[in-house]
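Comments concern the structure below.
The values are calculated or read from the model by the stated rules, or taken from the named source; none is laboratory data. What you see is a predicted model; the values in this text were computed from it and never measured. Cβ atoms come from the backbone with ideal geometry, glycine included; neighbour counts cover every protein chain shown.
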Amino acid sequence: MKSVLRIVLGLGLLVLVSLGALAAYLAFVFDANDYRERLSEAVAEQTGRRLTLSGELKLSVFPWLGIELGAAELGNAPGFSDRPFAALTAAEARVKLLPLLRKEIAVDRVILKGLQLSLERRADGKTNWDDLTERHQADDSGAGLGEPSGGGGPAALAVGGIDIQDAVIRWEDEASNARHSLSDVDIRMGQIAPGVPFDIDLAASFAASEPAVQGRFTINGKASLDLAARQYALAGLRAALKASGEGVPGGAVDAGVMADLALDLAQGTVSVKGLSLKAYEVAVTGALEGSGLPDAAVLRGPVVLEGFNPRQLLDRLKVSAPRTANPERLKRAALKGQLTLSPTRIALDELAATLDDSKLSGRLEVADLARQAVRFDLSIDALDVDSYLPPAPANGSAAGAPAAAPANAKGAEASSLDSLRSLDADGRIRVGKLKAAGMQAADIDVGVKAAGGRLTVSPKGVIYDGRLDSVVMVDTRPTPPALAISGGLDGVQIGPLLRDLTAKPERLTGRARIDFKLKGAGLDAPALKQTLAGTTTLNVRDGAVKGVNIAQYLREAQAALTGQKADSASGPAQTDFSDLNATIVLGGGVARNDDLAMRSPLLRVGGEGSADLVRERIDYRISAAVVGTLTGQGGKSLEQVRGVTVPVRVGGSFAEPTYALDTEALLAGAVKGRLEQEKAAVKEKVEAAREKAKDQLKEELKKGLGGLFR
């Protein structure tokens, strides 16, 4: 036993003496600089590149196996620029020798100074690192065949720290003529060991040519990693970005991010807590939990967009804010909800947002990012659309004149059509109170469905005490696009509706039912005026036609027939009725009506004529007759025109219609009526004389026959 112990001690002593001798030799005799050429040749054999070592080489063995390297360059691949592929001014790395025997890697601080890396891609797509990766793949394909998987990796990894100073990375792409660079790159990391947090600090300046951007970013926090468990974390992340240039929205940005990150690749989960993002004076906060990494990653969690001023944001982005009729609009906005994010889908549930005085809730989803398929179910408590529209023209301007079409109007129209053709949407929007085009509405429910170039919008709701139920369909597949509108309004108060719609005193009052079924081609107003075709029916009860007093025209007609002076107008300039019915047929840019029928206790009114939608001119004839009573509106007797049809001509423009008694037609009708009356009277007399002659002839025949038989 003693002899065995002596042998072991002797071998141990021999190993120590040998290691000491080797260390002494490497320290005092061996000079790594003597092997520069051999090292360069070995690199050339492995990479095909030339390695130039112009700095001093130092090698240490115990207790660290380390190397210190001075200035060095690795040549570029043939066919690329004259710049070296990689270069550095100094490098230092050391590994503990004894842990290597236990398959453990303990690295002292790794230092790189003045690293420069030049990455290039030619117009043919070939890069200046393709040859390196091809050699590496070839080596990997032949090495390790038959070796048990996972048996060659280190049992543990520990790094004393990483220090990279003044690094520069360039990227040049001839295919896109892009030039990008990272400069003044500084990376500092503390001691890296499994499960032990370490500090990380990173900073770099950057510049890009297409689009032109330059700036600097910094990242710091406390990281930890466990390679065996595949768990990584970055606590107290603080990232800041300052950038400027044409490629930056608004020309400049100063942004910051804070969060705590945790990644578990073994479980496929990620956690983002305490998220805070600020940019352009807008702040977003939230917390996200992810699963399904790495192939089917899904992030979920609450997000909050803090209250901000949209006008100020647009100003920071150097985007002109739209002029609104109410200058206080677009000054307050906020949003919050539950975010779901995946590589193919984005959804925002439990949405609660505000814009000025409006509150919005519901859900919004992009169900397929590739197809931009939008799904939504939104509710708005109240919305004043008109207050967001441009203000009305100033006094004295040509308010009614059409605006000159911008030079790029055709391009904008084509772009809008392309957007409609590719639109994939399905959802509904509900609005409690709505003001649009001057009109008031409530309980609005609009369904929207768009797919395959077809858009269907089905608005329903309460409008001026009436119910709206309609469908609007747009088919963008033909050129020009096809438009179809159908539906109706039932029980609507037509007077307030027209007053708010036209911003002028209403010309028709009463409770109305309107049914319409129209088709057209084109989406702009001029095209629709030319192509709109179909039928609209109108039924109005217990109302009045304002602006025209048919009873006064009857009095004028009576005066014309009797040769007397007409009484001055009395009473309101309107014509009351119990019901009014009309059918309007559109086509060829003209709206025509031939069956107007209006009734009241006094009058029966009919009408026929047309309206030129393109020129906005009216050519219409109203025919009125007195029935029922002998006293008309205003209390004056209309006995002389009872039974006489009184014609009224309506002309002028849509904006300024004109009304006038058609005296010539009235007199012609009256004369014709008198002639008919005279003819009837003569006929009656002839018939009476004929009957009398018949009676006399009978008497004479009786007398003659009586004498004959006697």
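So the values come out like this:
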read-out: Residue count, the stretch 599-615 (criterion: of a type outside the set (A, V, I, L, M, F, W, C), more than 49 Å from the chain's Cα centre (by Cα) and not in a strand (DSSP E or B)); value: 2
read-out: Top-ranked residue of the stretch 360-394 - restricted to ones that are small (Gly, Ala, Ser) and out of contact with any Asp or Glu (no Cβ under 6 Å at 6 or more places or on another chain), ranked as farthest from residue 432 (Cα to Cα); value: 370
read-out: The lone exception for residue 365 - which of (1) in a strand (DSSP E or B); (2) surrounded by fewer than 17 Cβ atoms within 10 Å (Cβ to Cβ); (3) acidic (Asp, Glu) it fails; value: (2)
read-out: Number of positions in the stretch 591-609 that are closer than 17 Å to residue 530 by Cα and surrounded by fewer than 17 Cβ atoms within 10 Å (Cβ to Cβ); value: 1
read-out: Members of the stretch 501-519 found to be touching a Lys or Arg at 6+ places or on another chain (Cβ under 9 Å) and not polar (S, T, N, Q), listed by number; value: 505, 506, 507, 508, 510, 511, 512, 513
read-out: Sole residue being modelled with pLDDT of 95 or more and of a type in the set (A, V, I, L, M), chosen from 227, 265, 237, 317; value: 237
read-out: Residues of the stretch 420-451 that turn out to be assigned to a strand (DSSP E or B) and in contact with a helix residue (DSSP H, G or I) (Cβ under 7 Å, 6 or more places away or on another chain), as a count; value: 4
read-out: Residue among 584, 618, 622 that alone is part of a strand (DSSP E or B), at pLDDT below 90 and over 16 Å from residue 541 (Cα atoms); value: 622
read-out: Residue in the stretch 497-505 that is under 24 Å from the mean Cα position of the chain (by Cα) and within 25 Å of residue 380 (Cβ to Cβ) present; value: no
read-out: Positions within the stretch 316-369 being in contact (Cβ under 8 Å) with a residue 40 or more places away in the chain, of a type in the set (Gly, Ala, Ser) and under 16 Å from residue 301 (Cβ atoms), in sequence order; value: 342
read-out: Single match in 223, 239 (criterion: in contact with a Phe, Trp or Tyr (Cβ under 8 Å, 6 or more places away or on another chain), closer than 26 Å to residue 178 by Cβ and hydrophobic (A, V, I, L, M, F, W, C)); value: 239
read-out: Residue that is part of a strand (DSSP E or B) and at pLDDT 90 or above, where the choices are 119, 157; value: 119
read-out: Residue selected from the stretch 266-295 under the condition among the hydroxyl-bearing types (Ser, Thr, Tyr) and under 28 Å from the mean Cα position of the chain (by Cα), by the criterion farthest from residue 309 (Cα to Cα); value: 276
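The rows are residues; the columns are (1) closer than 23 Å to residue 620 by Cα; (2) out of contact with any Ser or Thr (no Cβ under 6 Å at 6 or more places or on another chain).
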| position | (1), (2) |
| --- | --- |
| 475 | no, yes |
| 486 | no, yes |
| 499 | yes, yes |
| 523 | no, yes |
| 533 | yes, yes |
| 537 | yes, no |
